[in-house]
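Here is the structure we will look at, set down as structure tokens.
The values are calculated or read from the model by the stated rules, or taken from the named source; none is laboratory data. Note that the structure is a prediction, hence the values are computed from the model and not measured. Glycine also receives a Cβ, built like all others from the backbone with ideal geometry; neighbour counts cover every protein chain displayed. Side chains are part of the model used for accessible areas, which takes the heavy atoms of the whole protein and leaves out ligands, DNA and RNA. Shrake-Rupley method; radii C 1.70, N 1.55, O 1.52, S 1.80 Å.
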Amino acid sequence: MKLQVDHLTATPKEYRHSLSAAQWRSLSGADQDEELEAQEDFAFQLRAHVASDDILIEGKIDGTVGAECSRCLERYRCALHDDFRLVLEPAHDRRPQDPEGEESLSKHGLWLGEDLESGWYRGRVIDLDAYLAEVIALAMPVQPVCREDCEGLCPHCGARRSEQRCECEENLKPKSPFAALAALQGDSEGSS
Ligand SMILES: [Zn+2]
Ligand SMILES: [Zn+2]
């Protein structure tokens with residue numbers, strides 16, 4: 001998505017943009033999580049305006065990825081919703097310390113700070129695609145769960161608890177607290 005700096009005013013302008021899964025893959029490169037698989041387009045709604053010399057961009061992302069539930073290991077469709085905000089100052093003659101940042105500023109008119117909430121711009125056109133790819137990465141769940149109440153797998157036999165009841169918990173539980181105590185006492189008597 002290319003933002004024309006000359007078109008921006010103090011009144012927020014609205015934009016819609018989408019990135020396909022393939023575009024996102026090529027933008028985000030090799031460091032993509034295999035377990036979170038993008039197949040559909042990511043949709044962005046943005047508002048951009050100018051405040052003194054700074055450019056303020058606010059927006060939200062909606063999308064869907066295929067994810068693996070961290071509890072039951074089932075694959076499911078995980079909805080992504082996130083808000084983002086970016087403040088860009090004019091770079092003027094400043095240069096980013098790193099060669100990558102310098103290249104991004106001259107090629108895309110944009111250099112992003114570490115926090116991804118601020119950065120510099122240069123020139124009349126700001127290419128936001130690399131930034132939007134970062135927004136997608138940040139919206140990805142760290143520990144995906146298929147349902148809030150997913151019961152996961154039985155740690156003993158591996159049964160998926162939402163589909164199948166196993167006897168493991170029942171069998172491991174001592175019959176009663178007194179029975180467990182009696183068993184312990186029996187052990188200590190036997191060893192002395
Ligand atoms: Zn699950
Ligand atoms: Zn079990």
**OP:** Step through the residues of the range 86-95 one at a time and calculate ³J(HN,Hα) from phi using the Karplus curve (6.51 cos²θ - 1.76 cosθ + 1.60, θ = phi - 60°), rounding each to whole Hz and writing x for Gly and Pro.
**Re:** 9, 10, 10, 9, x, 6, 6, 9, 5, 10
Original post:
Relative contact order (percent) for the range 38-176, with alpha-carbon contacts under 8 angstrom and 6 or more residues of separation?
Top reply: 20 percent
Subject >> Dimensionless Rg/Rh of the chain - Kirkwood Rh, Rg from C-alpha atoms >> reply: 1.28
Subject >> Most to least packed among 64-76, 47-59, 3-15 [average Cβ atoms within 10 Å] >> reply: 64-76, 47-59, 3-15
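Using a 1.4 Å probe over the heavy atoms of the protein chains, calculate the carbon and sulfur portion of the accessible area of the chain as a whole percent. List each step's numbers first, then the result.
On the way: 5950 of 12370 Å².
That fraction is 48 percent.
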Original post:
Given H placed 1.01 Å from N in the peptide plane, which residues other than close sequence neighbours of residue 80 have an amide H under 5 Å from its amide H?
Top reply: 63, 64, 65
Original post:
Restricting to lysine pairs 8 or more places apart or on different chains, what number in the chain have Cα atoms under 28 Å apart?
Top reply: 6
**OP:** Would you calculate a helix-derived [θ] at 222 nm for the chain, using -39,500 (n - 2.57) for each DSSP H run of n ≥ 4 and dividing by the full residue count, to the nearest 500?
**Re:** -7500 deg cm²/dmol
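How large is the dipole of the chain about the Cα centre if only Lys and Arg carry +1 and Asp and Glu carry -1, each at its Cβ, rounded to the nearest 20 debye?
Numbers: 21 positive and 38 negative charges, 94 e Å.
Using only the charged Cβ atoms, the result is roughly 460 debye.
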Original post:
Ordered by residue, what ³J(HN,Hα) values in Hz, to whole numbers, does the range 46-63 give under the Karplus form 6.51 cos²θ - 1.76 cosθ + 1.60, where θ = phi - 60° and Gly and Pro are x?
Top reply: 10, 10, 10, 8, 9, 10, 6, 9, 7, 10, 10, 10, 10, x, 9, 10, 10, x
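Can you work out the accessible area per residue across the chain, with the rest of the protein chains kept in place, probe 1.4 Å, in square angstrom?
Working: 12370 Å² over 192 residues.
Per-residue value: 64 Å².
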Subject >> Tilt relative to the chain, helix 99-108 - C-alpha long axis, 0 to 90 degrees, to 10 >> reply: 60 degrees
